[in-house]
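See below for the structure under consideration.
The values are calculated or read from the model by the stated rules, or taken from the named source; none is laboratory data. Bear in mind that the values here come from a model prediction, so they are computed numbers and not experimental data. Cβ sites come from the backbone with ideal geometry, for glycine too, and all protein chains shown count toward neighbours. Accessible surface areas use protein heavy atoms only, side chains included; no ligands, DNA or RNA. Shrake-Rupley method; radii C 1.70, N 1.55, O 1.52, S 1.80 Å.
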Amino acid sequence: MAGGEMSAEFMKYRSPLVSRYASPEMAFNFSEMKKFTTWRRLWTYLAKSEKALGLTITDEQISEMENNLTNIDFELAASEEKKYRHDVMAHVHTFGACCPKASPIIHLGATSAYVGDNTVIFL
């Protein structure tokens, strides 16, 4: 790099555990994409369970969630996190932005611990 330009890679925390020792698969397991797609899967499982228990949740809402599991707008999520100062609520709103019909049921009845604590199960 000429003129003292810095790569964005050098402007954030990097762990030698990842850069030296982790396989690409292991590095992915701890990535933002893996974390937030897991949250979205958990919210989808929650909606399916709540529907089975009799809550008014439609198949269309669940399909919308299933079709957007990997459609994550990370810029919107960062903006929402600045607004709410809460990572879970930022991603609830970000998921809701791409799932407008499902938005009212995303994270319905859950606490932040639901996604935070259960995410490790999927690693």
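A few notes on this one:
- Size of charge dipole - segment 31-102 - debye, nearest 20, with Cβ of Lys, Arg +1 and Asp, Glu -1, no other charges: 200
- Positive-end residue of 31, 94, 65, charge dipole of the chain with Cβ unit charges: 31
- Spin-label pair residue 82-residue 111: with each label point 7 Å from Cα along the Cα-Cβ axis, the two points sit 3.1 nm from one another.
- In Å², nearest 10: area of residue 105 left accessible to a 1.4 Å probe: 10
- Only DSSP H runs of four or more residues enter the estimate; each adds -39500 (n - 2.57), and after division by the residues of the chain the mean residue ellipticity at 222 nm equals -16000 deg cm²/dmol.
- Rg/Rh ratio calculated on Cα atoms of segment 37-123 (Kirkwood radius): 0.95
- Relative contact order [Cα under 8 Å, 6+ residues apart], the chain, whole percent: 25
- Portion, in percent, of the accessible area of the chain that falls on carbon or sulfur, probe 1.4 Å: 57
- The charge dipole of the chain, taken about the Cα centre with unit charges on the Cβ atoms of Lys, Arg (+1) and Asp, Glu (-1), comes to about 280 debye, rounded to the nearest 20.
- Heavy-atom accessible surface of residue 115, to the nearest 10 Å², is about 0 Å², with a 1.4 Å probe and all protein chains retained.
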